Amino acid sequence: MTQLLFLQVQLRRGLLINEAVRMGTMKFPRRYVIVILTFICTCVCYVERVGFSIAYTVAADAAGVNQSSKGTILSTFYYGYACSQVPGGWAAQRIGGRRVLLLSFVLWSLTCALIPLDPNQVTTLVIARLLVGVAQGFIFPSIHTVLAQWVPPHERSRSVSLTTSGMYLGAALGMLVLPSLVKFRGPQSVFLVEATLGAMWSLLWFTYSSDPPRSEHPKATAAGFGETLLPIKATQKMKVENGLYPVKNSKIPWKKIILSFPVWAVVVNNFTFHYALYVLMNWLPTYFELGLQLSLQEMGSYKMMPYFNMFIFSNIGGVIADHLITRRILSVTKTRKMLNTIGFIVASIALVAIPLFRTSGGVVFCSSVALGFLALGRAGFAVNHMDIAPRYAGIVMGVSNTAGTLAGIIGVDLTGRLLEAAKTAHSDLSSPDSWRTVFFVPGLLCALSSFVFLLFSTGERIFD
């Protein structure tokens, strides 16, 4: 594995130098542009998600919409999002992640621009949120397909970590900026800002993105990156038949993917990560207001620390992972397992400890540690798609992200039921006993998931 990794690093460097020479510059490799654009992409997507929740809640409260109807509209996105993960991976594999990413961004941006935010038009909003959910469901499988094509193995951890950290920065920025926009410009202004951001990113992607440079290097396939992962075009069939390009099996090994223990290790950890994330995102404000009797408005930007912590720790994990792999301190397998285990075990302890604190500072500290180390753990399971299946990274990502989306739906609903039961037993939600099970469940899942990853994951390529 060490020799293969060394070959991959040297081959990729040679290809990148040749590309830079052809472009007449060595200053800023094209793959860095791709990674930065995907980072901005995830940031804008999460600004949209947070923005809709903020704008719709204000508009719905003003219109007197009941809580049940609000819940229906807010959850509709996730049903569309869950349904399009695997099709998104398939489309990225067949058509190309670069094209699918652009089309999906244009679709949700147009939807935001054209749909009026009228809480009384329930059917229109449901259809709109389904469309946005379906469109955004194509984004992350497409991103992983693009990154698998562009990023060499020794840079994958920090590249994926930087890209995904855009989610947390986008959520934090949305929570900080958009409430003021709603206050001064009205809820509809959020839709227009989101559509504008989407259009601007689409223009940048259309202008600066490209497929990796084609090479006839005989060892390119072994390196597991570059044009060898692109779909074969009809115009290339003659070159394939003449032996210029290696023959690639275009049939997706669905059975092998579904029955693979390393794939399931990734799926289980993705489920747990999003269960914990969505529970904290959706119910931590309620814990502040009802469990601790604190006002979120009085906390100001203090309450955004957990998300900024995720942004920081996500990138720290990526840098550490790539350093360990590139310097040959640890193998890819040991690096993934170590970071995933540290991240999830520390997060497990922090989650269980949250109800023990009765001050805002203590709860913010524990939730920041929990989310920060969960983000650190993404340098383990979240990059593993491209280790085990670089050609099918988008598809494996689609499968695991479907599980992650379902975890959000299940976790948020189950937490509500647990709190209803606790309210019946304790008469209110101010008691720590009312919240212990809420945070114990994701804490237990983190511990169990880290054990599954230790047993079944690998950093070796298992899909050719």
Q: Heads up, I need the accessible area for Trp90: 1.4 angstrom probe, whole protein in place, Å², nearest 10.
A: 120
Q: Over the stretch 23-144, with every protein chain in place, what whole percent of the accessible area is carbon and sulfur at 1.4 Å, could you tell me?
A: 69
Q. Which distance in nm do the two modelled labels at Val126 and His323 give, with both placed 7 Å along the Cα-to-Cβ direction?
A. 5.2
Q: Give me the number: length gained by fully extending Ile95 to Val177, i.e. 0.36 nm times residue separation minus the C-alpha to C-alpha distance, one decimal in nm.
A: 25.8 nm
Q) So what does Phe308 come to for accessible area, using a 1.4 Å probe and Å² rounded to 10? A) 60
**Q.** Sequence of Arg158, Arg30 when ordered by accessible area, the most exposed leading, probe 1.4 angstrom
**A.** Arg158, Arg30
Q) Ranked from the most accessible area to the least, with a 1.4 Å probe and all protein chains present, what is the order of Asp387, Asp61? A) Asp61, Asp387
Q) Residues of the stretch 286-431: accessible area per residue at 1.4 Å, in Å²? A) 38
**Q.** Spread of Cα-to-Cα distances over 10 Å intervals beginning at zero, given as percent, for the stretch 110-222
**A.** 11, 31, 32, 16, 7, 2, 0
**Q.** For the stretch 139-212 and the stretch 334-349, distance of Cα centres in Å
**A.** 27
Q.
Run the numbers for Leu414 and Ile462: contour at 0.36 nm per residue of separation, minus the present Cα-Cα distance, in nm.
A. 13.7 nm
Q: Within the stretch 125-153, find all residues whose amide N lies under 17 Å from a label point positioned 7 Å from the Cα of Tyr79 along Cα-to-beta-carbon.
A: 125-137
Q.
Using DSSP to call loops (not H, G, I, E or B), can you name the trypsin sites (Lys or Arg not before Pro) in the stretch 329-380 whose Cβ has at most 13 other Cβ atoms within 10 angstrom?
A. Arg358
Q. Round to a whole number: what % of the accessible area of the stretch 352-464 belongs to carbon and sulfur, probe 1.4 Å?
A. 67
Q) For the stretch 184-195, what does the Karplus curve 6.51 cos²θ - 1.76 cosθ + 1.60, with θ = phi - 60°, yield as ³J(HN,Hα) per residue in whole Hz, taken in order and with x for Gly and Pro? A) 9, 10, x, x, 5, 5, 5, 4, 5, 5, 4, 5
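Would you mind getting me the FRET efficiency between Gln293 and Leu192? Use the beta-carbon distance for r and R0 = 41 Å, nearest 0.05.
After rounding, the FRET efficiency stands at 0.65.
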Q) So what does Met397 come to for accessible area, using a 1.4 Å probe and Å² rounded to 10? A) 10
Q: Working with all protein chains in place, sort Ile462, Ile354 by solvent-accessible area computed with a 1.4 Å probe, largest first.
A: Ile462, Ile354
Q: Evaluate E = 1/(1 + (r/R0)^6) for Ala199 and Ser431, where r is the Cβ-Cβ distance and R0 equals 60 Å; express this FRET efficiency to the nearest 0.05.
A: 0.80
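The values are calculated or read from the model by the stated rules, or taken from the named source; none is laboratory data. Small disclaimer: the values here were computed from a predicted structure and weren't measured. Don't worry about glycine lacking a Cβ; one is built from the backbone with ideal geometry, like all the others, and counts go over all protein chains shown. Heads up: the accessible areas ignore ligands, DNA and RNA and are worked out on the full protein's heavy atoms, side chains in. Shrake-Rupley method; radii C 1.70, N 1.55, O 1.52, S 1.80 Å.
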